[in-house]
Amino acid sequence: MIITCDNCRTRYKVADDIINKPALKVRCHKCNNRFTVYKNDPSDDSFLLQDEISPDDHRIITMSNQKGGVAKTTSCLNLAVALARMGKKVLLVDFDVQANLTMLLGFRKTRSFYELLNREVKEIRDIILHTKYPNLSLLPSNSKMALLKKRYLAQHNFEYLLRNRLQEIEKNYDHILIDTPPSIEFFTLNALIAAQLVIVPTTCEYLSMHGVSQISEIIKVLRGVDHDVEYKVLITMYDAKKTSERVINEKIRRKYGTMLCNTVIELDDKMQESHIVNLPIQYYDEKSRSAEQYQALARELAG
Ligand SMILES: Nc1ncnc2c1ncn2[C@@H]1O[C@H](COP(=O)(O)OP(=O)(O)OP(=O)(O)O)[C@@H](O)[C@H]1O
Ligand SMILES: [Mg+2]
């Protein structure tokens with residue numbers, strides 16, 4: 001049985017024969033939160049949850065915030081490259097019609113999820129491309145993806161289309177990272193349903209922080225329909241020289257606490273330069289601040 005702490009969302013594996021009815025008080029190893037699940041032995045007063053589910057179980061990670069320009073695509077690419085450099089096999093999924101991720105990886109005129117659903121290709125494997133970076137593959141996007149929304153939005157269970165297709169290949173990868181557009185609709189809903197972990201990048205600006213609240217509300221709704229997804233907030237492009245950013249940073253910390261990634265991605269000119277030459281930051285300047293920060297984020301998430 002999997003138990004999720006209702007405070008910090010850490011997940012634990014507990015043998016089914018230990019937890020059964022009636023109610024059992026448990027205590028989270030990570031944040032010490034006490035809450036109730038069900039147990040066999042009524043005399044046991046409190047059961048310490050210890051068998052924490054490894055971060056490796058976050059195989060499918062979606063990057064999402066409906067605010068535009070908060071570094072969703074940048075974080076997807078550079079986190080994926082950092083994981084790949086740690087020896088993990090990683091698949092990037094470009095689930096945004098803008099196809100920025102596809103372009104940053106140097107691909108043009110590719111097939112996409114559209115051709116798969118339109119039965120122009122047989123299997124999801126047929127559209128996956130090997131990038132020039134070791135351990136890193138891409139399921140690309142193209143402009144035809146815009147037609148999917150119109151065609152499938154009214155269809156029953158349209159939000160499971162991506163999850164169902166990823167199930168065919170997910171065992172081939174240690175991590176699958178999905179990039180989403182700056183809106184909540186067909187693509188983002190599919191990506192949220194497919195994910196085990198949602199990373200919500202946010203800059204320290206009011207509107208971007210509002211985007212975090214919106215995603216967290218949607219995730220609560222998904223949990224309500226038994227979809228066990230966790231989320232973490234990632235501060236991006238942080239500029240500690242600005243008073244307004246320091247104030248909002250503090251607000252985000254107070255509001256999200258343990259849901260916040262320890263790693264903060266700072267504003268770094270090198271990142272913009274790396275985009276101009278179409279290189280992940282680790283291949284443009286591996287000693288740059290942002291390269292080291294994305295590597296730290298990969299260690300934080302993948303152990
Ligand atoms: N750490 C950083 N330092 C400086 N600039 C950055 C950093 N991270 C991202 N950027 C810049 O911010 C801009 C927006 O980044 P990105 O395209 O990743 O955002 P996005 O959230 O994916 O946008 P959209 O909502 O349009 O998909 C880009 O110009 C990128 O170069
Ligand atoms: Mg983007």
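The values are calculated or read from the model by the stated rules, or taken from the named source; none is laboratory data. None of these values were measured; they are calculated from a predicted model. Cβ atoms come from the backbone with ideal geometry, glycine included; neighbour counts cover every protein chain shown. For accessibility, only protein heavy atoms count, side chains too; no ligands or nucleic acids. Shrake-Rupley method; radii C 1.70, N 1.55, O 1.52, S 1.80 Å.
No other cysteine beta carbon under 4.7 Å away is the test; run it over the chain and list who passes.
Those would be CYS76, CYS204, CYS261, since no other cysteine Cβ in the chain comes under 4.7 Å of theirs.
Normalised by the residues of the chain, what does the relative contact order come to in percent, with Cα pairs under 8 Å and at least six apart?
20 percent.
When only DSSP loop residues count, what trypsin sites (Lys or Arg not before Pro) in the range 154-262 have their Cβ near at most 15 other Cβ atoms within 10 Å?
Values: sites: ARG163, ARG165, LYS171, LYS220, ARG223, LYS232, LYS241, LYS242, ARG246, LYS251, ARG253, ARG254, LYS255; in loops: LYS241, LYS242.
Sites meeting the loop and neighbour criteria: LYS241, LYS242.
In units of 2.2 N^0.38 Å, what is the alpha-carbon radius of gyration of the chain?
For the chain, the normalised Cα radius of gyration comes out at 1.03.
Considering just Cα atoms, how many Å³ per residue does the convex hull of the range 57-186 enclose? Present the calculation step by step, with values, prior to reporting the outcome.
Working: hull volume 13.6 nm³, N = 130.
With only Cα atoms used, the range 57-186 gives 105 Å³ per residue.
Just to confirm the filter: which trypsin sites (Lys or Arg not before Pro) across the range 89-148 are DSSP coil and have at most 16 other Cβ within 10 angstrom of their Cβ?
LYS89, ARG108, LYS109, ARG119, LYS122, LYS132
Where does each of CYS261, CYS31 land when they are ordered by accessible area, with a 1.4 Å probe and the largest first?
CYS31, CYS261
What's the local net charge at THR62, with K and R +1, D and E -1, over the other residues with C-beta under 13 Å away?
Once positives and negatives cancel, what remains is -1.
So, for the chain, what is the accessible surface per residue at a probe of 1.4 Å, expressed in square angstrom?
On the way: 14340 Å² over 303 residues.
On a per-residue basis, the chain sits at 47 Å².
Past 28 Å, Cα to Cα: identify those pairs from LYS220/LYS242; LYS109/LYS150; LYS232/LYS287; LYS89/LYS150; LYS144/LYS270, in the order given.
Too far apart for the 28 Å limit: LYS220/LYS242; LYS89/LYS150; LYS144/LYS270.
Run the helix sum for the chain: -39,500 (n - 2.57) per DSSP H stretch of 4+ residues, divided by residue count, reported at 222 nm to the nearest 500 deg cm²/dmol.
-10000 deg cm²/dmol
Out of residues 5 or more away from LEU260 or on other chains, whose amide H comes under 5 Å of its own, with H placed 1.01 Å from N in the peptide plane?
VAL233
Placing one identical point scatterer on every Cα of the range 150-299 and ignoring solvent, what is log10 I(q)/I(0) from the Debye formula at q = 0.10, 0.11, 0.13, 0.16 Å⁻¹?
Values, matching the q order: -0.43, -0.52, -0.72, -1.04.
Less than 14 Å Cβ to Cβ from ASP179, Lys/Arg counted +1 and Asp/Glu -1: what total charge do the surrounding residues give? Numbers along the way, then the final one.
Values: positive: LYS72; negative: ASP94, ASP96.
Value of the local net charge: -1.
Test of understanding: given the chain, find the longest segment containing no GluC sites (Glu not before Pro) that are in a DSSP loop and have at most 14 other Cβ atoms within 10 Å.
Maximal segment without exposed cleavage sites: 1-119.
Carbon and sulfur: what percent of the chain's accessible surface (1.4 Å probe)?
The C+S portion of the solvent-accessible surface of the chain is 49 percent.
Once both labels are modelled 7 Å past Cα along the beta-carbon direction, what's the LEU129-ASP228 spacing in nm?
The modelled label-to-label distance comes out at 3.6 nm.
Normalised by the empirical 2.2 N^0.38 Å for globular proteins, what value does the Cα Rg of the range 83-127 take?
Working: Rg = 12.2 Å, N = 45, 2.2 N^0.38 = 9.3 Å.
Taking N as the residue count of the range 83-127, the ratio is 1.31.
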